[in-house]
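Since the structure comes first, as structure tokens, the remarks are kept for the end.
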Amino acid sequence: MEIKVVTEDILGINTPAIIIGLYEDSKELDSVAKILDEAMGGAISQLRNDQEIKGSSGEFTLIHTLGRIPAQRILVSGLGRKNNFDLNTVRALMGNASRYLRAKGILSFCTTAYGIESGILKPVGCGQAIAEGAILGTYQFHNYRTNKENQGNTEEITIVSRESDLSGSLEIGVRQGEMIANGVALSRDMSNTPANDLTPSKMAEIATTVAREGNLDITILDRSNMEKLGMGALLGVARGSHQPPKLIALEYKGDPDRPKHVLGLIGKGVTFDTGGISLKPALNMENMKGDMTGGSSVIGAMKAISALKPKINVTGVVPTTENMPGGDAQRPGDIVRAMNNKTIEVINTDAEGRLILSDAMVYAVRKLGVSHMVDIATLTGAIIVSLGSVRIGVFGNNQEWIDQVVRTGNDGGERMWSFPMDDDYGEQLKSTFADMMNVGGKEAGSITAAKFLSEFTEGVPWVHLDIAGSYRMSVDKGWHVKGSSGGPVRTLINLALADSF
Ligand code: BES
Ligand code: ZN
Ligand code: MN
């Protein structure tokens, strides 16, 4: 898809369609809509007065211009209420509108830059949101279709601005949005790819390509490296699989003057989670190909960060393995020793994410010097019960860092909700035979999982994002399409861009 910015008179543009926006609660048409309305003999205002156009969010009205202006159609899209209007409205609208037009075979079109003329939005942010919404909302994953005859995909979007001094800023935003969306798309591709192809070795290969293209340092630990480092928790999970485990570390050094200031992104990379000996039921098990979405989020974010080049150090760590039953698989009751020497009684082999993350977190702090951590993991079915697929569950050990991550996520539309971490919850993990068990009881499963992880933070500010509900979408909506959401890739990128810890 190509996204262009032009400064042109809206009445002179020859295009199959032009998108304009209307608010629900503002009777006045904005200046662009007014110009088009007049050229169309009042068609837009009449539809509005007849209540056929309400301006509610998600509403689309396609008006054919029948030669009155060079543009062949006007797509009037509802923006919702004016005081709810923000960049996420634009992002969602562009996804919905691009798919709406694509379904009618319209693959090239123009759009106005919403909210800029009224000053509600800044042009860089608006350009970025338009690009992100359009690219992510038209994302397709066709790698496994033999019949490639699909309807095609959006080819060209032109943002029309009336003032040339806004065009430059819109353009900067568009290029930024493209880099970010490409990072998200990489994560979606990995997450949608089935586990027979997306093995731990394949993840390492993709990370190697990202490192080469983005000039990142990369380290890939294999089984023998892990043994030397004492990563017994990660190795225990990997025992059941014929696929060798890998631990991938990508380092972006954007601020060499502050070597001790390093954002660490740690992503769960279970390329398939059968549950292991504590085998999962068959129903919906295919979705466990996406149990590496924390890891792909980190790799996608590192790709975008290496392109955006912010002045900050960011290190991504992805422990990756399958969780399979097998003759040498770990058993319930086995006791493993993590890299920080803590011993863990494995009560349930299906609670494998926390095991592989524990070694990765210790490694990130001790060997790679990360000073602030965010881990991202499809960790617990319980978070789906609490939050559904709407919000990401947030846990942590440092209120300021939690607040910052939650704010960043919510601002970008990757909505989050933070949970309590009272020590009482941790009592569930007490083991008769080891330092801790890997599962608690039936209650508060997402919190006890986070409590487990909190034993491996090595004293640095840490936030845990449980994305088991949000890593996968069941419908096309806004900038999401059915299949992998890509994970909170944009939040991770925005944390790096903000650098405010
Ligand atoms: N990968 C799963 C969590 C999950 C469930 C992700 C559904 C996406 C959708 C995780 O490894 C797991 O199996 N967790 C167990 C923990 C339990 C054994 C304490 C769970 O949630 O059932
Ligand atoms: Zn899992
Ligand atoms: Mn599991």
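Quick notes on this one:
- The chain: Cα Rg divided by the 2.2 N^0.38 Å rule of thumb: 1.04
- Using the Cβ-Cβ distance between N341 and D217 with R0 set to 30 Å, the FRET efficiency from 1/(1 + (r/R0)^6) comes to roughly 0.65.
- Using the Cβ-Cβ distance between E156 and N225 with R0 = 51 Å, the FRET efficiency computed as 1/(1 + (r/R0)^6) comes to roughly 0.60.
- With every protein chain in place, segment 275-431: carbon and sulfur % of accessible area (1.4 Å): 50 percent
- Per residue solvent-accessible surface (Å²) - the chain, probe of 1.4 Å: 40 Å²
- Potential lengthening between Q72 and D86 on full extension [0.36 nm per residue; Cα-Cα distance subtracted]: 2.2 nm
- Projected label distance in nm at E52 and K4, using a 7 Å step from Cα toward the beta-carbon: 3.2 nm
- Three-way shape call for segment 169-324 based on the alpha-carbon gyration tensor, with the a/c threshold at 1.5: oblate
- Contour excess over end-to-end distance, with Cα ends at S108 and F433 and 0.36 nm allotted per residue: 110.5 nm
- When you filter the trypsin sites (Lys or Arg not before Pro) in segment 138-193 for DSSP loop state and at most 16 other Cβ atoms inside 10 Å of their Cβ, you are left with R145, K148.
- Remark: relative contact order (the chain) = 15 percent; criterion is Cα-Cα distance under 8 angstrom and separation of 6 or more residues.
- Phi-derived couplings, Karplus 6.51 cos²θ - 1.76 cosθ + 1.60 at θ = phi - 60°, listed residue by residue for segment 30-37: 6, 4, 5, 4, 5, 4, 5, 4 Hz, with x used for Gly and Pro.
- The stretch between N182 and K253, if pulled fully straight at 0.36 nm per residue, gains 23.5 nm over its current Cα-Cα span.
- Long pairs among K54/K82; K202/K253; K268/K289, criterion Cα-Cα beyond 19 Å: K202/K253
The values are calculated or read from the model by the stated rules, or taken from the named source; none is laboratory data. Please read these numbers as outputs of a predicted model, since none were measured by experiment. Ideal geometry is used to build each Cβ from the backbone, glycine not excepted, and the neighbour counts take in all protein chains shown. Remember, those area values only see protein heavy atoms, side chains included, never the ligands or the DNA or RNA. Shrake-Rupley method; radii C 1.70, N 1.55, O 1.52, S 1.80 Å.
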